[in-house]
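Below is one structure, written out as structure tokens; the observations come after it.
The values are calculated or read from the model by the stated rules, or taken from the named source; none is laboratory data. The model shown is predicted, which means the values in this text are computed figures rather than measured ones. Please note: Cβ atoms are built from the backbone with ideal geometry, for glycine as well, and neighbour counts cover all protein chains shown. Accessible surface is based on the protein model in full, side chains and every heavy atom, while ligands, DNA and RNA are left aside. Shrake-Rupley method; radii C 1.70, N 1.55, O 1.52, S 1.80 Å.
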Amino acid sequence: LLIIFIIAAPFLFKNQIVSLVKEETNKALNAKVDFGEFDLSLISSFPDFRFKINKVSVIGINEFANDTLAYINELRTDINLKSVISGGPYGINSIVINKPRILGKVLVDGKANWDIAKPDSLPKTPEEASEPTKFSLKLKEFKIENAYIVYDDKQGGMYSKLEDFNYTLNGDFTQDNFVMSNLLEIAKTTFAMG
């Protein structure tokens, strides 16, 4: 029964989950966040638990109302099922960001479009502030595929653009000693200053 519930839950509560995530995300940020279809799968990715979300967009407000800070065609994560059931540390086998378009913009007054987090309205007590987090994570692979990244700094008079940016990081971060493999490819780079 538990296995059937785990498989069926994403489909039974899909609309409620989508509405809740969008509402809470938009409450926490000074931006408009939206996304398309998402999929939680256990069968096609067994023994991993796969989370996939399409067409994620973060659009600015106020001075940045016409700017899309980020658009991600697909975000996919494969999580080790055993680590989810045991409650952590969460073993993430891979994170893949497919075709992201990123715009980092700084206005003449120094205001940046990525500064979108709303301040925490509840002040923390010294005990809460110093309490260490219990969340831990294990990561094996991280990939960015076919990214288009623009940095436009009006205050500093700088502009840069990276086209067809690909990055792959591999390594078993659960080990004390490991080999970390990095591969970075950029098809075209543009930079202007002054």
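What is the residue count in region 56-83 for residues that are at pLDDT below 85 and surrounded by 15 or more Cβ atoms within 10 Å (Cβ to Cβ)?
Here is the first cut: in region 56-83, the residues at pLDDT below 85 are 66, 79-83.
So of that shortlist, the ones also surrounded by 15 or more Cβ atoms within 10 Å (Cβ to Cβ) come out as 79-81, 83.
So the answer is 4.
Within region 1-29, restricting attention to residues that are surrounded by 14 or more Cβ atoms within 10 Å (Cβ to Cβ) and modelled with pLDDT of 75 or more, which residue is farthest from Ile116 (Cα to Cα)?
Only one residue tops the list, namely Lys22.
Could you look through region 47-76, keep only residues that are part of a strand (DSSP E or B) and acidic (Asp, Glu), and pick out the one that is nearest to Tyr148 (Cα to Cα)?
So, considering only residues that are part of a strand (DSSP E or B) and acidic (Asp, Glu), the one nearest to Tyr148 (Cα to Cα) is Glu74.
Among residues belonging to region 101-150 that are at pLDDT 85 or above, closer than 21 Å to Ile59 by Cβ and open to solvent by 100 Å² or more (accessible area, probe 1.4 Å), point out the one that is farthest from the chain's Cα centre (by Cα).
Ranking the qualifying residues of region 101-150, first place goes to Asp109.
Restricting the search to region 148-179, which residues are in a loop (DSSP other than H, G, I, E, B) and closer than 25 Å to Lys99 by Cβ? If you could, list the steps in order and put the result at the bottom.
Let us first name the residues in region 148-179 that are in a loop (DSSP other than H, G, I, E, B), namely 154-157, 171-179.
Passing the criteria: only Gly171.
Restricting attention to region 151-194, and to residues there that are exposed (fewer than 12 other Cβ atoms within 10 Å of the Cβ) and acidic (Asp, Glu), which single residue is farthest from Glu74 (Cα to Cα)?
Asp176
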